[in-house]
Amino acid sequence: MFVKIISKEMFSVKGLDITALVLVIIGAINWGLIGFFQFDLVAAIFGGTAAIISRIIYALVGIAGLYAISFLGRDRERYVDR
């Protein structure tokens, strides 16, 4: 029988993982729109690519993408044999 080990660290990392994943999805959708339709949704919503809020969102998406690289090497669930 396998028992799942859950710790407080997993809960805090899980929130960060979800936030990063949402930002990466936003970035992917935005890049898809740019590639297919030459339409930058983030710029359209927040006032152009030079607007400070757009630049903040671009930066957050970039940081989230870099953080998401860690998903590749991470063991998502740990089990112990009991």
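Quick notes on this one:
- Condition met for I29 (modelled with pLDDT of 85 or more, surrounded by fewer than 12 Cβ atoms within 10 Å (Cβ to Cβ), of a type in the set (A, V, I, L, M, F, W, C) and part of a helix (DSSP H, G or I)): no
- Under the condition of being within 14 Å of I34 (Cβ to Cβ) and surrounded by 14 or more Cβ atoms within 10 Å (Cβ to Cβ), the residues counted in segment 46-56 number 1.
- Residue match in segment 57-78 (condition: modelled with pLDDT of 95 or more and in contact with a Phe, Trp or Tyr (Cβ under 9 Å, 6 or more places away or on another chain)): yes
The values are calculated or read from the model by the stated rules, or taken from the named source; none is laboratory data. Quantities reported herein were computed from a predicted structural model and do not represent experimental measurements. Please note: Cβ atoms are built from the backbone with ideal geometry, for glycine as well, and neighbour counts cover all protein chains shown.
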